[in-house]
Amino acid sequence: MPSSSDQRLIATSLPSDTQLRVIFAVVVMLVVALAATAPYAGRPTDGTEIFLPAYAAAVLVIETTTAALLFATFRVQRSVSLLVLASGYLLSAALAVPWALTFPGVFSTLGFDQNLQATAWIAAARRIGFAAAVVGFALCDPRWTVRSPSRWISASVGGLVAGAGLVLWFALTVTPDLPAFMADARTTAPAWAYVPPLALLLYAVGMVVLLRGRRSTLDIWMSVALLSLFVEILLISYMGAAVRLSVGWWSGRFFGLVAAGTILLVLLAETTGSYARLVQVAINERRARRDRLTAMEALSASIAHEINQPLASMVTNANAGLRWLSRAEPQTGEAEAALKRIVDDGHRADKIVSGIRTMFLKGAQERVAVDLKCVIDEALGRSASERALAAVEVETVYPPEVKMVICNPIQLLQVVSNLIDNAVDAMKAGGGRVRRLTISIEDGEPGEVEAAFADTGPGVSPDIADRIFLPFVSTKPDGMGMGLMFCRSVIEAHGGRLWIAANAPTGAVFRFSLPASTVVEESNKVGVHP
Amino acid sequence: MSDDPVVYVIDDDPAIRVSLESLLASVGYAVRTFASAEDFLAAEQADAPACLVLDVRLKGRSGLEFQRELARRGQSPPIVFVTGHGDVPMSVAAMKAGAVEFLTKPFRDQDLLDAVHEGIERHRREREQASAMGQILGLYETLSPRERQVAALVASGLMNKQVADRLGLSEVTVKVHRAQIMHKLQARTLADLIRITDRLGITLVQD
């Protein structure tokens with residue numbers, strides 16, 4: 001499904017120089033930390049179990065927040081790669097709790113630490129699961145999107161909670177029968193030796209794929225995250241001699257935590273900044289729309305005034321004529337003069353109307369063959385930010401072949417923009433749960449192409465539906481009732497039709513038909529840019 | 001001084017001007033039309049009851065502004081406003097400043113004719129009052145200073161005897177003055193006298 005790419009989000013934007021400097025600083029910090037702690041890494045530290053719950057809590061908070069931010073970005077962008085990454089973070093966060101609860105000598109009163117192997121199995125699942133998620137994120141094409149992100153988020157969160165439960169059950173009940181990871185509460189058994197290399201391998205693969213692609217700022221940050229995990233494993237498993245609670249074990253975790261915290265802060269700052277920019281753009285879009293409406297308002301006021309003068313004159317003349325005739329001695333000469341003036345007034349009014357029409361529809365005669373799909377995509381691009389804020393999903397159903405229509409591209413773009421704006425407004429006002437605009441191009445009557453704009457708003461009640469294309473009829477609180485009138489007159493001027501139907505189960509469908517062009521041109525983008 | 005009413009029409013749209021002229025002429029009014037406020041001011045106004053039909057939106061200035069200017073000059077016939085785009089604040093301002101009516105184009109002919117009729121009647125009354133005032137003032141000026149003193153005191157409700165005491169005159173002299181005053185002011189009763197002094201704003205001057 002095509003989806004308008006948004007350059008303003010961290011998952012799509014490229015890093016700025018400042019960001020690159022921060023990234024570099026974090027990397028240097030990690031390497032320095034590795035070098036500084038390496039000589040002391042093997043020293044054991046006794047009685048530091050009490051710090052473990054604090055560490056686990058910090059990990060839980062940082063990783064759930066990161067996951068939430070990524071899920072939120074996914075909701076807007078709908079890219080599967082983001083969903084995978086967010087799931088990795090959530091899994092890691094969910095497993096941090098049982099990891100701490102089963103850690104030997106920490107929550108002894110709860111009795112979860114009876115099974116010596118459980119903690120190590122959970123740790124292994126956490127490491128490998130997260131690394132696999134990052135690799136999955138790196139390998140996914142970001143253009144691969146899904147239709148209803150909310151449903152995917154619910155499914156992922158549900159699946160992850162169930163998965164974490166399964167891991168916990170497995171770790172507590174099955175593991176005693178499998179090869180032992182731990183020799184005692186502190187030192188690892190030979191079987192554990194396979195886990196760190198596997199994790200390191202996955203981290204390395206992830207880093208290479210991410211740095212080769214460098215699709216966005218987020219990619220770079222994720223490779224930094226992988227580097228920090230890489231360093232963490234080096235410190236914990238190799239320099240810390242794979243002994244729990246050694247200096248290397250703790251410092252690896254500490255630096256990993258700092259790196260994760262930094263990444264979270266960057267994500268937060270980026271997201272907040274992007275949101276502010278998005279709002280700004282949406283405000284600009286709305287302002288442009290309002291200016292358009294104000295111009296239309298001014299135009300209609302001046303039309304009203306211009307027409308009113310000859311109209312007033314006609315009424316007065318007609319009254320004068322009647323009064324001349326109803327006098328005791330009817331004055332036919334005066335009445336005739338009044339009638340002649342009425343004729344003049346009528347011609348004058350006609351001149352005003354045709355003058356406005358020429359001005360209004362200037363260039364309307366320039367008709368070219370245009371790919372309808374291009375016009376719709378262009379209109380969608382113009383209101384992308386406002387739709388993102390209103391959380392309106394757009395689904396486009398285009399036929400495989402190109403549908404060319406004969407039209408004035410600028411006017412058709414205005415019509416399509418108007419129909420999209422109306423749909424978004426209706427769904428915003430309606431407060432429905434699902435806000436989806438489905439735009440489809442279909443075959444109409446022979447020689448015609450049809451486009452349908454189906455929304456899931458409250459719909460248009462039948463008593464208004466008959467009048468909705470008349471001027472000054474609007475269902476919006478601040479609507480002028482000019483938009484649909486304009487749309488219909490433009491479509492009809494092109495030899496097409498515009499009508500409304502009800503959408504099931506709720507909403508409205510606006511549909512227009514236009515004469516199809518038999519010429520299929522190679523250049524599809526004929527002057528859509530006014 | 002003529003009594004045949006005149007209607008002045010000021011509108012910058014020639015078609016509206018002609019149609020209004022025809023409508024007003026069809027019911028027998030003498031009509032004079034002007035394209036602008038300046039043309040109207042430059043023309044000599046007839047000494048007759050009149051009414052002004054004025055478009056709110058005139059070339060170069062607003063009708064409301066022109067209304068204020070005419071009021072300052074103190075010679076304005078009543079104004080009937082017609083407008084293509086009347087809003088409530090505008091009509092309120094016009095009515096507060098003394099307009100007869102505020103009509104939106106296109107208006108019902110009867111509404112306009114009623115308004116014009118009312119304006120002319122109002123102007124006629126104003127003119128009559130002004131001329132009656134001038135008459136009274138002329139009569140009052142024929143009184144001697146002593147008679148004016150007596151008139152003020154009598155009008156304030158004093159008896160002849162009291163007036164005589166105040167002015168150090170005999171009662172008989174006061175009676176003579178009083179008869180003269182009544183004669184000169186063409187007042188038949190004491191009530192007439194009081195009404196006249198009232199309109200002239202004469203009050204008792206304490207000395």
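Only the coordinates and a few stated rules stand behind these numbers; no lab work does. Since the model is a prediction, treat every value here as computed from it, not as a measurement. Heads up, the Cβs are rebuilt from the backbone with ideal geometry, glycines too, and the neighbour counts pull from every protein chain shown.
Counting neighbouring Cβ atoms within 10 Å and putting the fewest first, the residues A:233, A:128 line up as A:128, A:233. How much FRET efficiency would the formula 1/(1 + (r/R0)^6) give for residue A:466 and residue A:347, where r is the Cβ-Cβ distance and R0 is 30 Å, rounded to 0.05? Step by step, r from the Cβ atoms, then E = 0.35.
Computed over the protein assembly as shown, the per-residue total of -39500 (n - 2.57) for DSSP H runs of n ≥ 4 gives a 222 nm mean residue ellipticity of -19500 deg cm²/dmol, rounded to 500. R0 = 25 Å: FRET efficiency of residue A:50 with residue A:183, Cβ-based, nearest 0.05? With a Förster radius of 25 Å, E is 0.60. The mean sequence distance of close C-alpha pairs (under 8 Å, at least 6 residues apart), as a share of the length of the range A:368-515, puts its relative contact order at 23 percent.
Using all pairs of distinct alpha-carbon atoms, the Kirkwood hydrodynamic radius of the protein assembly as shown works out to 35.2 angstrom. Placing pseudo-labels 7 Å out from each Cα toward the beta carbon at residue A:268 and residue A:28 gives an inter-label distance of 2.5 nm. Check residue A:394: other-chain or 5+ apart residues with amide H under 5 Å from its amide H, H built from backbone geometry? Sorted by chain and number, the residues that satisfy this are A:437. Along the range B:43-59 the Karplus relation, 6.51 cos²θ - 1.76 cosθ + 1.60 evaluated at θ = phi - 60°, assigns HN-Hα couplings of 6, 7, 8, 5, 8, 8, x, 9, 9, 10, 9, 10, 7, 4, 9, 9, 5 Hz to successive residues, with x for each Gly and Pro.
Counting other Cβ atoms within 10 Å, keep those with at most 11, restrict to DSSP loop, and tell me which GluC sites (Glu not before Pro) in the range B:1-65 are left.
Working: sites: B:21, B:38, B:44, B:65; in loops: B:44.
When the GluC sites (Glu not before Pro) of the range B:1-65 are filtered for loop state and at most 11 Cβ neighbours within 10 Å, B:44 remain.
Overall, the anisotropy analysis places the range B:6-133 in the rounded class: the square-rooted eigenvalues a ≥ b ≥ c of its C-alpha gyration tensor yield a/c less than 1.5.
Computed from Cα positions, the angle between helix B:14-26 and the longest principal axis of chain B comes to roughly 50 degrees. I'd like the distance separating the alpha-carbon centroids of the range B:78-116 and the range B:142-165, in whole Å. Cα centres, the range B:78-116 to the range B:142-165: 50 Å.
About the Cα centre of the protein assembly as shown, how large is the charge dipole given +1 on each Lys and Arg Cβ and -1 on each Asp and Glu Cβ? Please answer in debye to the nearest 20. Intermediate values should be presented prior to the final figure.
Details: 70 positive and 73 negative charges, 342 e Å.
In total the dipole reaches around 1640 debye.
In chain A, a dipole from Cβ-located charges (positive for Lys and Arg, negative for Asp and Glu) runs towards its positive end, and of A:317, A:262, A:278 it is A:262 whose Cα lies farthest in that direction.
Mean partner shielding of peptide B:12-22, defined as the number of other chain Cβ atoms within 10 Å of each residue Cβ, is 6.
Please list the helices of chain A that count as membrane-span-like by this rule: a mean Kyte-Doolittle hydropathy of at least 0.5 together with Cα atoms stretching 20 Å or more along the helix axis, each helix being a complete DSSP H run.
Working: long enough: A:17-37 (30 Å, 1.91); A:51-77 (39 Å, 1.34); A:80-101 (32 Å, 1.89); A:118-139 (31 Å, 1.44); A:149-169 (30 Å, 1.05); A:195-213 (27 Å, 1.86); A:217-233 (24 Å, 1.70); A:247-325 (114 Å, 0.31); A:332-360 (42 Å, -0.27); A:409-430 (31 Å, 0.57).
Helices meeting the criterion: A:17-37, A:51-77, A:80-101, A:118-139, A:149-169, A:195-213, A:217-233, A:409-430.
Quick check: net charge around residue A:324, other residues with Cβ under 15 Å of its Cβ, Lys/Arg +1 and Asp/Glu -1? Could you put the intermediate results ahead of the total?
On the way: positive: A:323, A:327, A:340, A:341; negative: A:329, A:334, A:336, B:21, B:109.
Taking every other residue near residue A:324 into account, the sum is -1.
Please compute the net charge surrounding residue A:443, taking Lys and Arg as +1 and Asp and Glu as -1 over other residues with Cβ under 11 Å from its Cβ.
On the way: positive: A:403; negative: A:401, A:442, A:445, A:448, A:450.
Once positives and negatives cancel, what remains is -4.
When both the range A:130-153 and the range A:364-418 are represented by their alpha-carbon centers, they are found 29 Å apart.
Suppose the chain between residue A:258 and residue A:280 were pulled fully straight at 0.36 nm per residue; how much longer would it get relative to their current alpha carbon spacing?
4.6 nm
Look at the Cα gyration tensor of the range A:17-266: its axes a ≥ b ≥ c give a/c of at least 1.5 with a/b at or below b/c, and that counts as oblate.
Here's how it looks for residue B:30: its modeled amide H is under 5 Å from those of B:7, which are all 5 or more places away or on a different chain.
The antiparallel fraction among DSSP beta bridges confined to the range A:363-491 stands at about 65%.
Which one of B:136, B:149, A:335 is farthest out on the positive end of the charge dipole of the protein assembly as shown, using unit charges on Cβ (Lys, Arg +1; Asp, Glu -1) and the Cα centre as origin? Result: B:149, furthest along the dipole toward the positive end.
What average count of beta carbons from other chains do you get within 10 Å of the Cβ of residues in A:305-315? If you can, show how the numbers build up before the last one.
Working: counts 4, 1, 1, 6, 9, 4, 3, 14, 11, 3, 7.
Per residue, the number of nearby Cβ atoms from other chains is 6 on average.
So if I place +1 on the C-beta of Lys and Arg and -1 on the C-beta of Asp and Glu, and nothing else carries charge, what would the dipole magnitude of chain B be about its Cα centre? I want it in debye, nearest 20.
Values: 25 positive and 29 negative charges, 215 e Å.
About 1040 debye.
For the range A:443-472 versus the range A:231-295, the inter-centroid distance based on Cα atoms is 45 Å.
Relative contact order for chain A: what is it in percent, counting Cα pairs under 8 Å that are at least 6 residues apart? Working shown, then result.
Values: 762 pairs, mean separation 67.8, N = 530.
The value is 13 percent.
Fewest neighbouring Cβ atoms within 10 Å first, the residues A:334, B:69 line up as B:69, A:334. Between residue A:476 and residue A:442, the simple spin-label model (points 7 angstrom out along Cα→Cβ) gives 2.7 nm.
Packing here is the average count of other Cβ atoms within 10 Å per residue, and on that basis the peptides A:218-226, A:64-72, highest first, run A:218-226, A:64-72. Stretched out straight at 0.36 nm per residue, the stretch from residue A:174 to residue A:61 would grow longer than its current Cα-Cα span by 37.8 nm.
Per residue of peptide B:106-119, the mean number of Cβ atoms on other chains within 10 Å of the residue Cβ is 2.
Under a Cβ-Cβ cut-off of 9 Å, what is the net charge of the residues other than residue B:182 that fall near it, where Lys and Arg count +1 and Asp and Glu count -1? Computed value for this residue: +2. Residue by residue, the range A:455-469 carries 3J(HN,Hα) couplings of 10, 10, x, x, x, 10, 5, x, 5, 8, 4, 5, 9, 5, 8 Hz when phi is fed to the Karplus relation 6.51 cos²θ - 1.76 cosθ + 1.60 (θ = phi - 60°); x denotes Gly or Pro.
Quick one: if the Förster radius is 41 Å, what FRET efficiency do residue A:292 and residue A:18 give, using the C-beta to C-beta distance and rounding to 0.05?
On the way: r = 37 Å, r/R0 = 0.91.
Working from the Cβ atoms, E equals 0.65.
Among the listed pairs A:428/B:105; A:351/B:96; A:373/A:476; A:351/A:403, those whose Cα-Cα separation exceeds 31 Å are A:428/B:105; A:351/B:96; A:351/A:403. When only the Cβ of Lys, Arg, Asp and Glu is charged (+1, +1, -1, -1), the dipole of the range A:17-266 relative to its Cα centre reaches about 780 debye. Of the residues A:149, A:178, A:202, the one whose Cα sits farthest toward the positive end of the charge dipole of the range A:17-266, with +1 on the Cβ of Lys and Arg and -1 on the Cβ of Asp and Glu, is A:149. Rounded to the nearest 10 degrees, the angle from helix B:109-140 to the longest Cα principal axis of chain B is 20 degrees. The label-point distance for residue B:85 and residue A:401, in a model that sets each label 7 Å from Cα toward Cβ, rounds to 5.2 nm.
Which shape class, rounded, prolate or oblate, goes with the range A:139-269 when its Cα gyration tensor gives a ≥ b ≥ c as root eigenvalues, a/c under 1.5 marks rounded, and past that a/b bigger than b/c marks prolate? Verdict is oblate for the range A:139-269. With the Kirkwood sum run over all distinct C-alpha pairs, the range A:291-347 has a hydrodynamic radius of 12.9 Å.
Have a look at the DSSP beta bridges in chain B and tell me what percent are antiparallel, nearest 5. Display every interim value, and only then the final one.
Numbers: 1 of 19 bridges.
Antiparallel bridges make up about 5 percent of those DSSP assigns within chain B.
Once the Cα atoms are used to define both axes, helix B:190-200 deviates from the longest principal axis of chain B by about 50 degrees. Listed from fewest to most Cβ neighbours within 10 Å, the set A:147, A:497 follows the order A:147, A:497.
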